[in-house]
Structure formats: structure tokens, C-alpha cells
Amino acid sequence: MENIIEFNNVSCSYEDVDGNKTPAVQGIDLRIKKGDYIAVLGHNGSGKSTFAKLCNAILLPDENMGTVIVNGINTVNDEQIFEIRQNVGMVFQNPDNQIVATIVEDDVAFGPENIGIEPSEIRRRVDDALTKVGMYEYRMSEPHKLSGGQKQRVAIAGIIAMQPNCIIFDESTSMLDPKGRQEVLSTIDYLNQELGITVVLITHYMDEAVRAKEIVVMNNGEVILKGTPREIFSNVEKLKLIGLDVPQVTEIAFELNKHGFNFSEGILTIDDFIREFKI
Amino acid sequence: MLKDITLGQYYPVKSVIHRIDPRVKILLLIIYLVTIFMADNFISLGFIMLTILFTVFLSKVPFKVILKSIKAIIFIVIFTSLINIFFNSSGNVLIEFGIIKITDSGIATAIFVAIRVFMFVVISSLLTYTTTPTNLTDAIEKLLSPLKVIRVDVHSVAMMMTIALRFIPTLIEEVDKITNAQKARGADMESGGIGKRIKSVIPILIPLFISSFRSASDLAFAMECRCYTGGHGRTRMRQLRMTRTDIYAAIFMFVVIACMIVLNHFASFAKI
Ligand SMILES: Nc1ncnc2c1ncn2[C@@H]1O[C@H](COP(=O)(O)OP(=O)(O)OP(=O)(O)O)[C@@H](O)[C@H]1O
Ligand SMILES: [Mg+2]
């Protein structure tokens, strides 16, 4: 399968006022295939957002410090920046700060309008995107009258209307209540499973990360672990060492194993736990 | 309670006035305001008042709603009227005490000016009652587009208006949140003299400023991610289209102006 995003040994640093450069991410080597569902874990300041910004050419790798290829295009290519950003959409943390227009459907239309799509085609895409996130009946509402989860779904619709191949969610559920979180997460699952959109889910919640096919763990700007959720959460001690949690069941199984139980490593769901417990 | 505020004051019903193209509506409003100014006697003014009442009737916006916008300016109108009554010394003196003379023409002028201002407000507010903020900003962008020749960035101005409208409710919510947070820390906002009260606003204002800058930079970033680069090469989903209604509206306006001119000419005896 084709790679939608390709990181080749990428480093990227921010320059502070004195001109000193501190790398926010370094030596990242990563391939994301079309249709993947990837979760990115890491504590605050580990470089997750920087990684996300590298994916759609908001940030560029430091000179001679690797390349980022999006759908075959190197992100340093200035002329194709529209194509890159249309291909890789991004949904952020605060739903209020990413909605531009005073009416839901106008906001969804914002992206397609920017890339110069025909009005009738925009209309079609907007209706389609709103239906997919289940917000069609709210198309004429004012954004500030919606709940957090609904606002976030409008933001997602705004990205879908650009028909991207990949959507990056940068802690998009962290400001929502449990109900809103659930709404957004099931929308994300739907995008990945039914529409085949590649999903990169940056999160602090372990139970969210478990939904992904693959997890990437970052620490101090580097990718330190990569694998299926089961593989990742087998490393309970290593994760604890860098200040990350593991899902609650995984931890219980891990602690029980210390006392002579024999659960297999990296148990992720309560169902698995119960099954093994009975045996 | 804060969730109830609406943007602008759009009154969502279906009417001919709602259907008029917003660009046409803005232009007609300007012409209407000029026409109101042209009326120089009570008969013309009465005529204009009738046409405005008719327009309000067509718009299906209830009078109760319109009265709200009149209430907002009633003090200004009373104040200007009083000035007119006390300081207009032409005409026959009715009452006199000290330096103040109240004359018949003074009272007439006061009433005339008051009616004029009320009509101004009614017809202007009708524009915002019958046009959505989105349509309004779109229309302003279109109408100002000739200014592009002298390098005014019309698109950015319209975008700023949209974003301002979009963020008013968000900012109000933010103020509410910060106020509660400060109260929870023991800030006293309700007592004390003016000076103390003004001071108590500062702990609200500063966090509000900081959070707005943050929101602004987040929003700019999100817009960039959605391929925004300004107005160049941008299309719009909503296309403004003129219809037959606009022609009728223009004809109506034309008739009003014509009647005005005739009335001004023949009713010069009632001149103010
Ligand atoms: N605009 C900036 N200027 C300078 N340094 C920055 C900037 N943004 C981030 N950094 C630094 O880069 C590092 C990585 O930041 P990044 O935002 O990528 O972390 P993160 O994993 O997204 O954290 P969080 O979980 O808090 O969102 C941090 O040390 C941070 O201080
Ligand atoms: Mg971040």
C-alpha cells in the first residue's frame, strides 16, 4: 500500500529570541500508510503537536535534517502547499478557536471556498460532510449554540469537505465531556472504517489510543516505541518510566502477574481480562 | 442565559423584504435615509412614515420587536427635542420665563426632528431584522469591491467583520467564566464606589485580553490549515442573486421618491 505520510529522519527545532535552537522533534523516521489508524502518545512537550504541524507543511524540517513527503510531495514544495493541506486536514483541541463563520454550513464551506471549488460543488460537499458527521439538521445553527462535541463534529465536517486522505486530531477530545468525547470518537472510527480516511489521533487518553491499529510513543522529541496497542502496552515499566499511563485493565493484570497470576502481556479490554481470569 | 444571545438581531420569517438581495437592500436603505432627510414639511414626513409602516408590515417583523430598537434611543430623542424646544427662539412665543422662550416653531421643529430620527432607526433596524449577518457581510464585501481599485483590501475587512460577529458570543462566555473564576478567588465586584468598581474590572480584562490573543493565534493557525490565504482565488458557496423582487423594491423606492418631490413642492406651506 501507498504511504500517505513519510518522515525520513526528520528533525525540527524552534528558535528562541536569542537565536538558540532547541529541537522539538529529532530523528523521526515514520511511514503512515493510506487507511491507517495511528495513535500518538507522549507527555506534555514531547513534540506531538510539532510532529502534527510537520505533516501539513505548517512547519518544515530543519535544513538538511530530513524530509517529509505527503502523498508523494515534499513539504518544502511551496507551490503545492494547497495540495498538501487539502490532503492532510487537522482538527484541534479547542472547538471554539477553529470555527470561522457565524453559521454552521458556512463554516464547513470555508475550506472548499479557499481552494476555489465551484459553488454548486461546494454545496454538495457541505451537505455530504454534514451528513457524515451527523450534523446535517444543524446546518443553519449558530456555532455558539452547539455543545462541545457538536462543535468538534462541525470542525471535522469542515475538514471532510476538503476531501482529505488523512486527518490529524491533535487532542481533539481533551476539552470535551464524556458524551462529547464519545460522539467525536465514534465519528473518527466511522471516518477510518467506512470512508477509508487515514487517521492520526494524538491523545493523552490511553483508552483512546487502544482503538488505533498502531501506536507511536514519543518522548523528548523522539519516537521511542512503535507497534500494535498490545505490543506497546506490554511495556508497562518502560511506559511508566517516561511518565505515561497504561489502560487500567492492563495495569491490574500487570500487577497481578507480579503476584503469581499468569495473564498474557498487554491485555487491553475488560472482556479479555475476564476471559483469561476464568481460565 | 448567555446562550440565548443571537448575532445581530435577525428575525427569521419569510417575507418579501427578507427576499430582497442584501446588496440591493443596503443601497435602498441609503436612498431611503436620504429621502427621509429630503422631507421638509409635515405632509411629506407623514407620507414617508406611511411608506415605512407599509414596509414594516410587508417584512412581517412584529411591531413589538421594532419598538425595542426605538426604546434604545428614546432618551437621545427626548434630549434633542428638549434642546430644540428651549433654544429655538423663532416664531410666536408661547411661554416665557427668564432667558428661556418656548415658541410654537420650536415645538414644531422638536416634533419634526423626533419623528425623523425614529424613522431613521426603524428603517435601519429593519435591514438587520431581515438580513442574516452572513448575507450582510457578503453584501458589504460586494458593495465595497470597487474600493479594490484604490488598494483597499475589501475581502479582509469583510472577513474581520465575520470573525468579530462569530466571536462576540464566545467572548461573552469567556467574560462570564473569568468573572466567576475571580469571584471564586474572593474578588468583590459588586460593592464600592466608581473607582473601586473600575479597578475590579482589571482582573477580568487582563485574562480576557490574554485569552483573546491566544484564540486569535489558534484561529489564524486553523485557517491556515484550511488553505486560507486571503481573498485571492476564493469562491463562495452562497451566491447573491438578484430576482424580480429586487426590481419591485427598486420601483417602490422610485415611486416614494417621486411622491416626495411632488409633496415637497406642493406642501411648502407646511414647511418647517
Ligand atoms: N512556538 C514555539 N516556540 C518555541 N518552542 C516551542 C513552540 N511550540 C512548542 N515549543 C517547544 O517544543 C517542544 C514540543 O512541543 P509540542 O507542542 O510539540 O509538544 P506536545 O507533545 O504537543 O505537548 P502537549 O501535550 O502539551 O500538547 C516543547 O518543549 C515546547 O516547549
Ligand atoms: Mg500539543
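The values are calculated or read from the model by the stated rules, or taken from the named source; none is laboratory data. Everything numeric in this text was worked out from a predicted model, so none of it was measured. Cβ: placed from backbone, ideal geometry, glycine included. Neighbour counts: every protein chain shown. Areas reflect the complete protein model, heavy atoms only, side chains present, ligands, DNA and RNA absent. Shrake-Rupley method; radii C 1.70, N 1.55, O 1.52, S 1.80 Å.
For A:ASN44, the conditions (1) outside any strand (DSSP E or B); (2) surrounded by 17 or more Cβ atoms within 10 Å (Cβ to Cβ); (3) among the polar types (S, T, N, Q) are fulfilled apart from (2).
Confirm whether A:GLN182 is open to solvent by 10 Å² or more (accessible area, probe 1.4 Å), away from ligand 2 (no atom under 16 Å from the Cβ), at pLDDT 90 or above and more than 14 Å from chain B (Cβ to nearest Cβ). In short, yes. Kindly evaluate B:TYR248 against the criterion of being among the aromatic types (Phe, Trp, Tyr) and away from chain A (no Cβ under 14 Å). Taking the combined requirement at face value, the residue satisfies it. Failed condition for A:MET90, given (1) facing chain B (nearest Cβ under 7 Å); (2) more than 16 Å from ligand 1 (Cβ to nearest atom), with all others met? Failed condition: (2).
In the range A:189-221, the residue that is least open to solvent (accessible area, probe 1.4 Å) out of those that are more than 16 Å from ligand 1 (Cβ to nearest atom) and within 25 Å of A:GLU251 (Cβ to Cβ) is A:ALA212.
Out of all the residues in the range A:49-71, which are over 16 Å from B:PHE221 (Cα atoms) and either touching a residue at least 12 places away in the same chain (Cβ under 8 Å) or within 14 Å of chain B (Cβ to nearest Cβ) (or both)?
Passing the criteria: A:PRO61, A:ASP62, A:MET65, A:GLY66, A:THR67, A:VAL68, A:ILE69, A:VAL70, A:ASN71.
Confirm whether A:ARG125 is closer than 18 Å to A:TYR190 by Cβ and more than 10 Å from chain B (Cβ to nearest Cβ).
Details: closer than 18 Å to A:TYR190 by Cβ: yes; more than 10 Å from chain B (Cβ to nearest Cβ): no.
Considered against the rule, which asks whether it is closer than 18 Å to A:TYR190 by Cβ and more than 10 Å from chain B (Cβ to nearest Cβ), A:ARG125 comes out as no.
A:SER147 satisfies every condition listed in (1) surrounded by 19 or more Cβ atoms within 10 Å (Cβ to Cβ); (2) away from ligand 2 (no atom under 16 Å from the Cβ); (3) within 12 Å of chain B (Cβ to nearest Cβ) except (1). Taking A:ALA109, is it more than 8 Å from every other protein chain (Cβ to nearest Cβ), buried (at least 22 other Cβ atoms within 10 Å of the Cβ) and without any contact (Cβ under 8 Å) to a residue 60 or more places away in the chain? No: the conditions fail for A:ALA109.
Does A:GLU237 qualify as being away from ligand 1 (no atom under 16 Å from the Cβ) and either open to solvent by 70 Å² or more (accessible area, probe 1.4 Å) or on the phi < 0 side of the Ramachandran plot (or both)? When the stated conditions are applied, A:GLU237 passes them. Taken over the range B:58-107, residues that are open to solvent by 30 Å² or more (accessible area, probe 1.4 Å), more than 18 Å from B:LEU127 (Cβ to Cβ), of a type in the set (A, V, I, L, M) and more than 17 Å from the chain's Cα centre (by Cα) amount to 10. Kindly list the number of the only condition in (1) surrounded by 17 or more Cβ atoms within 10 Å (Cβ to Cβ); (2) of a type in the set (Lys, Arg); (3) free of Cβ contacts under 8 Å to residues at least 24 places away in the same chain that fails for B:LYS142. With respect to (1) surrounded by 17 or more Cβ atoms within 10 Å (Cβ to Cβ); (2) of a type in the set (Lys, Arg); (3) free of Cβ contacts under 8 Å to residues at least 24 places away in the same chain, B:LYS142 is out only on (3).
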